[in-house]
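The values are calculated or read from the model by the stated rules, or taken from the named source; none is laboratory data. As the structure is a prediction and not an experimental result, all values here were calculated from the model. Cβ placement follows ideal geometry from the backbone for every residue including glycine, while neighbour counts extend to all protein chains displayed.
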Amino acid sequence: MVIRDYKPADFQQVEKLWKETGIYTMERGDTHEVILRCNSQGGKFLVLEDPESRIMVGSSWMTYDGRRLHLHHFAIKPSHQGRGLGRILALESLKFADEKGCPLKLEVHRENLAAVNLYNSLGFIKFKDYEIFMVVDPGRHLDPGFSNGLETGK
Ligand SMILES: CC(C)(COP(=O)(O)OP(=O)(O)OC[C@H]1O[C@@H](n2cnc3c(N)ncnc32)[C@H](O)[C@@H]1OP(=O)(O)O)[C@@H](O)C(=O)NCCC(=O)NCCS
């Protein structure tokens, strides 16, 4: 197996891998263009590939916000899971974070035991007192009819 940087020609296989591992939804808008933009802003997208068959076996997408790295779409092809490849790819991702000199953050569903165990075993610390929030459609909440109960002072 080879770990290398993402190339534009990889997207089709990457998308297939995400679908196979259940981490792909179209609404997320994770396109080739988004990968290139995130990489140009200091992120890194690693792929794990079988050099003989050229089959994409794993993906690790790290985006950079100028302060921290965030790990997304970490996956190993189902037919190749349970052989230590996830650990190898995660260690390579940690190496990148170490070289960049910043923390690596991620979100994982609490019932995803394979991933939770992997991250625990690698030294990731779980935030016990925090909830994850996201506004998916910010413009909708700027509607004058929308109220969160706060006075804006306007
Ligand atoms: C999570 C995932 C990447 C692990 O990849 P993998 O190659 O199967 O993992 P490894 O074989 O390297 O195992 C590493 C560690 O993960 C944990 N683990 C892996 N599979 C596990 C399972 N079925 N049950 C419990 N723990 C498991 C163990 O701690 C294991 O270490 P150990 O072998 O010393 O016990 C893989 O299951 C996957 O792609 N899942 C679907 C996509 C996904 O959910 N990604 C995470 C999004 S946040």
Requested in this report: Go through the stretch 1-32 and give me each residue that's within 13 Å of the ligand (Cβ to nearest atom) and small (Gly, Ala, Ser).
Outcome: 22
Report task. Kindly indicate whether residue 35 is under 21 Å from residue 86 (Cα atoms), among the β-branched types (Val, Ile, Thr) and at pLDDT below 95. Result -> no
Query raised in the report: Which of (1) more than 12 Å from the ligand (Cβ to nearest atom); (2) under 25 Å from residue 9 (Cβ atoms) is the odd one out, the single condition residue 139 does not satisfy?
Result: (2)
Requested in this report: Determine which single condition residue 71 fails, assuming it passes every other condition in (1) under 23 Å from residue 135 (Cα atoms); (2) in contact with a Pro (Cβ under 7 Å, 6 or more places away or on another chain).
Outcome: (2)
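This table checks each residue for (1) out of contact with any Asp or Glu (no Cβ under 9 Å at 6 or more places or on another chain); (2) within 16 Å of residue 91 (Cα to Cα).
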| position | (1), (2) |
| --- | --- |
| 7 | yes, no |
| 12 | yes, no |
| 16 | yes, no |
| 20 | yes, no |
| 29 | yes, no |
| 69 | yes, yes |
| 78 | no, no |
Report task. With the condition kept exactly as written, say whether any residue in the stretch 11-30 is among the polar types (S, T, N, Q) and without any contact (Cβ under 8 Å) to a residue 12 or more places away in the chain. Result -> yes
